[in-house]
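What follows draws every value from the coordinates through simple rules; no lab data is involved. For clarity, every value in this text was computed on a predicted model and none was experimentally measured. Neighbour counts run over all protein chains shown; Cβ positions are idealised from the backbone, glycine included.
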């Protein structure tokens, strides 16, 4: 069946009703996402998810801001530890893909007990992974820092930060996992509120524990880790209170935390492939950085600045993509695959409008934006080139993000995994090497390869999505 890539007029709320819809989305709603008008349903899910991602962007900047006051060693500690935590974030995002798909499908089938059982098994899996990481990695904080190339000064001052972050990784894994449960069930506003609570506490407590303000002990860089775990731990406690208190669409009871091997196998199947999918995409950046390193520090610095700005700006767009995943899962569960497909194209249209506006801003204002981060005459041209070149692919990327999450929401996690493998490793990295080394483009060839790769991902995803095999994915 051919479906237009643009939403029909009935899908898009009237202009005078959009603001009312946004207010309702932020407050929370009992809207049935399998029967409500598609455009309204997507907005109701996307708005709180976008706000959730926006807060995550703000937190990432605020955390580094306070630590930077302690000097270069403290910043180095955070940077090295964050590179280790990337694997934990990858696991958290991968595990959450399975939770969202299962909970959304059971919710669409009007099977609240099945949704609760899926949530319970997802929590057990998250806890098991977190305990394994804490037991194996936290005691090795010093050795891990040395392995990452840290100086002895950094090891001495930063081992506390690294140990606390690795030991308390459960707050990250469970925060992602439980918010995936809320999103899958349609409780997007709850997911937004708990993440805001955790990150606001983190931002407030950070300087208190770092600098010893008032009654708080002065812990230095380790204080940032304590604040992070307290903030996110509080958010996790609130999530569990809502789930076990029966105040969400998914209601948990102790019986749901008993090991259910057949269901756990389904969770592992979806979450395992989801983790591999994200790891493939994340690890490809290492290959790009290795190619860029040939062109010296200015090229690397310009790329780093450009990509940080780009990721900060587009992170909220993942909220729209997550909304598409929930709509797909619930509507497939309700036996309405055509409605699921229409919801994806509607979400993609909204994402194109959002990222298209950002792309125009980057094209016009790249020198001004890059100038906020560096005045180095060698670095600035690379940062400007990165911003402008990568932003040329934003319209394609907007579609690619939504389509990838649509496959995941349907439980077809292997399709985007295979696409990522071919696009990023067999296409993007060889192309980046060839353009940068054999065409005279230099480092700018790497930026061009990024744009071409993400555009290719969108095209391939759209072709496979239209074939419709995802509609028959078993979850």
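What distance in nm separates the simple spin-label points at residue 472 and residue 111, each placed 7 Å from Cα in the Cβ direction?
The modelled label-to-label distance comes out at 2.0 nm.
If packing is taken as the average number of other Cβ atoms within 10 Å across a peptide's residues, how do 447-456, 257-266, 183-192, 350-359 rank, most packed first?
Going from most to least packed, we get 183-192, 447-456, 350-359, 257-266.
Going by the alpha-carbon gyration tensor, a ≥ b ≥ c the square roots of its eigenvalues, is the range 198-246 rounded (a/c under 1.5) or, if a/c is not under 1.5, prolate (a/b greater than b/c) versus oblate?
In terms of gyration-tensor shape, prolate.
Compute the length gained on full extension between residue 143 and residue 216: take 0.36 nm times their separation in residues and subtract their Cα-Cα distance, giving the result in nm to one decimal.
Full-extension gain reported as 23.4 nm.
With r defined as the distance between the Cβ atoms of residue 437 and residue 36 and R0 fixed at 60 Å, what FRET efficiency is calculated, to the nearest 0.05?
Efficiency, rounded to the nearest 0.05: 0.70.
Note the full-extension length gain between residue 54 and residue 357 as 0.36 nm times their separation in residues minus their Cα-Cα distance, in nm to one decimal.
Fully extending the segment from residue 54 to residue 357 adds 107.4 nm.
For the range 269-337, rounded, prolate or oblate, judged on the Cα gyration tensor with a ≥ b ≥ c (square roots of eigenvalues), a/c < 1.5 rounded, else prolate if a/b > b/c?
Since a/c reaches 1.5 but b/c is at least a/b, the shape of the range 269-337 is classed as oblate.
Just the number, please: Stokes-Einstein D of the range 40-259 in µm²/s, Kirkwood Rh from C-alpha pairs, 10 °C, 1.306 mPa s.
Stokes-Einstein gives a translational diffusion coefficient of 88 µm²/s.
Could you work out the pair-distance distribution P(r) of the range 272-475 from its alpha-carbon pairs, with 10 angstrom bin width and percents rounded to whole numbers?
9, 34, 33, 17, 6, 1
Please report the spacing between the Cα centers of the range 66-104 and the range 387-442 in Å, no decimals.
22 Å
With each label point set 7 Å from Cα along the Cα-Cβ vector, what nm distance links residue 375 and residue 27?
5.0 nm
Subtract the Cα-Cα distance of residue 204 and residue 156 from 0.36 nm times their separation in residues, and report this length gain in nm to one decimal.
Gain on stretching residue 204 to residue 156: 14.7 nm.
With a/c under 1.5 counting as rounded, go ahead and sort the range 162-313 into rounded, prolate or oblate using the C-alpha gyration tensor (a ≥ b ≥ c being the square roots of the eigenvalues; past the cut-off, prolate if a/b is larger than b/c, else oblate).
Note, shape of the range 162-313 comes out oblate.
Tell me the label only: which of [x] 149; [y] 195; [z] 127 is volume of the Cα convex hull per residue in Å³ as calculated from this structure?
Checked against the structure: label [x].
Sort the following peptides by mean Cβ neighbour count (other Cβ atoms within 10 Å, averaged over residues), highest first: 426-433, 293-300.
Highest-to-lowest ranking by the protection proxy: 426-433, 293-300.
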